[in-house]
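Report on the following structure.
The values are calculated or read from the model by the stated rules, or taken from the named source; none is laboratory data. It should be emphasised that the depicted structure is a prediction, and the values quoted were computed from it without experimental measurement. Calculation scope for accessible area: heavy atoms of the full protein, side chains included, ligands and nucleic acids excluded. Shrake-Rupley method; radii C 1.70, N 1.55, O 1.52, S 1.80 Å.
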Amino acid sequence: MSFLAGKQSAYEEYSGKLDKAGLYKTSVGLAWQASGSQSLVQALESDVPFAFSTLFRAKEVKAVAWKFNLPRGQSIKLSMDFNDKDSSLVFADIFEEVDLNNVGWFTSEDGSYSFESKKSQTYILRIQPELFAEGNLTLTVEKAPTYAVFPIYGKDASSVQSFWGAPRGGGARKHEGIDIFAARGTPVLAPVDGVVSSVRDRGLGGKQVWLRDAERGFNLYFAHLDSQLVSFGQRLKAGDTLGLVGNTGNARFTPPHLHFGIYSGGAFDPFPMVDNRNQKAEISDLNVDDFVLNIKGAKANFRNKPTTKSDVLNTLENGNPVKVIGAQGSWYRVETPNLQEGYIHTSLVGVIKSEALEAKDLWVWSNPFQNPSDSLLINGELAMVGEFEGFAMLTDDFENVYYSRVEK
């Protein structure tokens, strides 16, 4: 499916259905709204590509969000595989970080979605299921070339040997494009449907062809050609040959190559548009069915990205419980009892060692930092699964979590 500007997203449509059903202002409806909004504020960083695995539980209200940077022209392919138990949907929405403008969306029913970045910026991706949804979900976010046809026949992105911004003229200027090396006479292809707007033989570019992208209005520049095989005004389909690789113009002392550039209100880096290297996301094999894990070892660094090169958000102590949100690679995405989300490496956590408790008229909180007036009175069998800053973390069926200052 494609995103249509101004059209209600599936998330918004579902919100309207909750309102009509009288659930929007109930405690569970308000919790669903709050979870979605809060996840955008607390979105963690991730590089693309990535894959995320999680388990949504019927009694749980959960939304998960990531921040990632995309250059202008970069396309990504997103897919969701949801093993739902009752045909529930998971909503995926893409927002611009600056103003949280929704610029793309799809659902687990759609399965997949392609998104093209219109400008270099940070985006936020949020996933959130319908209320009472249950099942395992795998989300993948992978890079994809915006132009499906690479500009030189038989070549790929590994043939690019000079990139955007490289110094030129002894540092007097910067390279406004990429150089793709190939043998003289190799066909140069139209990466996209378009109209030939200029055929020239002059200046630094030597023999050149300009092609106007029919869909986006971009002006594509092909320089240093050995020969031009098109004429002004000619309409081309993606994959049509427009010239042959050479080294005319100021490239006469370098090996044959194509200088490829893209202009739209000035030049911008064309590499993301044609980068066709295999960039598959690694799906984690970690178990995400565990509800709570404990920190093992003396201390554990809690990070904002699933890599040891990322910032440390906090240092957790031995025995501290963390709630499992999901997994990326060899990292768990977890939530601490103070509702802070982050990543922790699988080597730093272990299965809980719970201790049975019999609760009788026990006052508890949903998190250790709630107002005392928001406490609940519960009775029944509980399991204590860890301690955090003087509070015991308790659970009844590994779907409801409480906190209380209780003696072990």
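Were the residues from Ser227 through Leu339 laid out at 0.36 nm apart, the gain over their Cα-Cα distance would be 34.0 nm. Per-residue extension of 0.36 nm, minus the Cα-Cα distance of Val312 and Val351, leaves a gain of 11.8 nm for this segment.
Per residue, the solvent-accessible area of the chain (1.4 Å probe, heavy atoms of protein chains only, all protein chains present) comes to 47 Å².
By its C-alpha gyration tensor, with a ≥ b ≥ c as the square roots of the eigenvalues, how is the stretch 135-183 shaped: rounded for a/c under 1.5, else prolate for a/b larger than b/c, else oblate? Working shown, then result.
Numbers: a/c = 4.11, a/b = 1.89, b/c = 2.18.
Here the stretch 135-183 falls in the oblate category.
Which one, Asp226, Asp213, Asp99, has the greatest fluctuation when you compute a Gaussian network model over the chain with C-alpha springs under 10 angstrom? So, out of Asp226, Asp213, Asp99, the one fluctuating most is Asp99. Residue by residue, the stretch 153-163 carries 3J(HN,Hα) couplings of 4, x, 10, 9, 4, 5, 7, 6, 10, 9, 10 Hz when phi is fed to the Karplus relation 6.51 cos²θ - 1.76 cosθ + 1.60 (θ = phi - 60°); x denotes Gly or Pro.
Determine the order of Val195, Val288 by accessible area, beginning with the largest, at a probe radius of 1.4 Å. Display every interim value, and only then the final one.
Values: Val195 45, Val288 15 Å².
Correct descending sequence by accessible area is Val195, Val288.
Computed from phi, the 3J(HN,Hα) profile of the stretch 329-346 under the Karplus parametrisation 6.51, -1.76, 1.60 (θ = phi - 60°) reads x, 9, 10, 8, 8, 10, 10, 7, x, 8, 6, 9, 9, x, 10, 9, 5, 4 Hz, with x in place of Gly and Pro.
In the complete set of protein chains, residue-level accessible area for Tyr14 is approximately 30 Å², probe 1.4 angstrom.
Between helix 10-20 and the chain there is an angle of about 40 degrees, using the helix long axis and the longest principal axis of the Cα atoms. Given the options Glu341, Glu215, Glu60, which has the most mean-square fluctuation in a GNM of the chain, springs set between C-alpha atoms less than 10 angstrom apart? Residue with maximal mean-square fluctuation among Glu341, Glu215, Glu60: Glu215. Over 27 Å apart at the Cα level, from the set Lys20/Lys323; Lys85/Lys299; Lys207/Lys237; Lys119/Lys207; Lys155/Lys280; Lys174/Lys237, are Lys20/Lys323; Lys85/Lys299; Lys119/Lys207; Lys174/Lys237. Expressed as an acute angle from 0 to 90° and rounded to the nearest 10, what is the orientation of the C-alpha long axis of helix 27-41 relative to the principal long axis of the chain? Computed tilt is about 40 degrees. Remark: accessible surface ordering of Lys360, Lys119 (largest first) is Lys360, Lys119, probe radius 1.4 Å. Comparing Thr107, Thr146, Thr346 in a Gaussian network model of the chain where C-alpha atoms under 10 Å apart are linked, the largest mean-square fluctuation is found at Thr346.
Tell me the mean residue ellipticity at 222 nm calculated for the chain from its helices only (DSSP H runs of n ≥ 4, each -39500 (n - 2.57), averaged over every residue, nearest 500).
Values: 3 runs with 30 residues, N = 408.
So the calculated ellipticity at 222 nm is -2000 deg cm²/dmol.
Going by amide H atoms built from the backbone, whose H comes under 5 Å of the H on Glu45, apart from near neighbours? Placed amide hydrogens put Lys67 under 5 Å from Glu45. Remark: the stretch 178-183, residue by residue, has Karplus-estimated 3J(HN,Hα) of 10, 10, 10, 8, 7, 5 Hz, where x stands for each Gly or Pro and the curve is 6.51 cos²θ - 1.76 cosθ + 1.60 at θ = phi - 60°.
Solvent-accessible area of Lys237, all protein chains in place: 130 Å² (probe radius 1.4 Å, heavy atoms, ligands and nucleic acids excluded). Surface composition of the chain: carbon and sulfur make up 48 percent of the accessible area, probe 1.4 Å.
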